[in-house]
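The block underneath contains the structure these notes are about, expressed in structure tokens.
Each value in this text was obtained by applying a stated rule to the coordinates, not by laboratory testing. Everything quoted here is computed from the prediction, not taken from an experiment. All Cβ positions, glycine included, derive from the backbone under ideal geometry; neighbour counts span all protein chains shown.
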Ligand SMILES: [Zn+2]
């Protein structure tokens, strides 16, 4: 029962101040969106290092991961992070990322979805 919208319902851009904009970031692994603080930033710095940037202030190209350890593992094991940052991830960087992921402490880690396909 989709009625066509009357022409008068055309979207109008409101003038004046816009509603407060909360920057949304997307986890490169699970594609879930969250606000900036809900995700952890990984940065490819100008000297081509890949570092974790919890403060979100480092220069460079950033990618975001959420707090789920599985997302970090997937990002490390697959190409998603490397692709998001457009750089190969060095083995030692992967180790750092894994260490960081281990500190995320998802206390509810028994959340196993049957991801095998
Ligand atoms: Zn995620």
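The table below lists the values:
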{"quantity": "Antiparallel %, DSSP beta bridges [both residues in the stretch 24-103], to 5", "calculated": "90 percent"}
{"quantity": "Taking only Cα atoms of the stretch 24-103, radius of gyration then Dmax in Å", "calculated": "11.1, 30"}
{"quantity": "Likely footprinting exposure, 104, 81, 97, 65, fewest C-beta neighbours within 10 Å first", "calculated": "104, 97, 81, 65"}
